[in-house]
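Peer 1: Sharing a structure, written as structure tokens. Questions coming.
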Amino acid sequence: MLDIFGYIFILFGIFFHFTSSLGLFRMPDTFSKIHAATKASTLGSLLVILGVIMIEPSLWMKLLLLALFILLTNPLSSSIVARSEYKKGKKL
């Protein structure tokens with residue numbers, strides 16, 4: 001039964017990754033693209049990790065560290081890209 005929930009979480013994660021990639025094509029400016037890509041891909045990655053933890057519970061510690069790494073680096077990297085674009089002269 002836990003496997004089914006794991007696959008559902010993975011499916012939702014894939015959906016969020018798909019919407020993230022769609023946002024990269026559909027958004028008009030760089031700052032909107034950064035926002036769409038960061039928020040949706042972070043949530044998608046965390047849902048996929050949660051689904052894998054439900055399917056294979058023996059890997060929970062490694063996957064928890066991976067989730068923590070994603071939570072720390074995705075917002076930081078998007079902030080650095082946004083700052084770089086702002087410094088180049090692109091305005092909001």
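The values are calculated or read from the model by the stated rules, or taken from the named source; none is laboratory data. On a predicted model such as this, the values are computed, not experimentally measured, just so you know. Reconstructed Cβ throughout: ideal geometry from the backbone, glycine too, with neighbour counts over all protein chains shown.
Peer 1: Looking for whichever is over 11 Å from the mean Cα position of the chain (by Cα), at pLDDT below 95 and on the phi > 0 side of the Ramachandran plot here; the options are 89, 23. Which one fits?
Peer 2: On the way: 23 fails: on the phi > 0 side of the Ramachandran plot.
None of the other options fit; the residue is 89.
Peer 1: Every residue in segment 24-43 that is without any contact (Cβ under 8 Å) to a residue 40 or more places away in the chain and either touching a His at 6+ places or on another chain (Cβ under 8 Å) or not small (Gly, Ala, Ser) (or both), please.
Peer 2: Residues of segment 24-43 that are without any contact (Cβ under 8 Å) to a residue 40 or more places away in the chain, as a first pass: 24-28, 32-33, 36, 39-43.
Within segment 24-43, 24, 25, 26, 27, 28, 33, 39, 40, 41, 42, 43 qualify.
Peer 1: Can you pull out every residue in segment 40-92 that is more than 19 Å from residue 17 (Cβ to Cβ) and of a type in the set (S, T, N, Q)?
Peer 2: 58, 79, 84
Peer 1: Condition test on residue 31, is it among the aromatic types (Phe, Trp, Tyr) and surrounded by 12 or more Cβ atoms within 10 Å (Cβ to Cβ)?
Peer 2: For residue 31, the condition - among the aromatic types (Phe, Trp, Tyr) and surrounded by 12 or more Cβ atoms within 10 Å (Cβ to Cβ) - is met.
Peer 1: A further question on this structure: I need every pair where a residue in segment 44-71 that is buried (at least 18 other Cβ atoms within 10 Å of the Cβ) has its Cβ under 8 Å from the Cβ of a residue that is charged (D, E, K, R) and assigned to a helix (DSSP H, G or I), sequence separation at least 6 or different chains.
Peer 2: Here the result reads 54/3, each pair linking segment 44-71 to a residue that is charged (D, E, K, R) and assigned to a helix (DSSP H, G or I).
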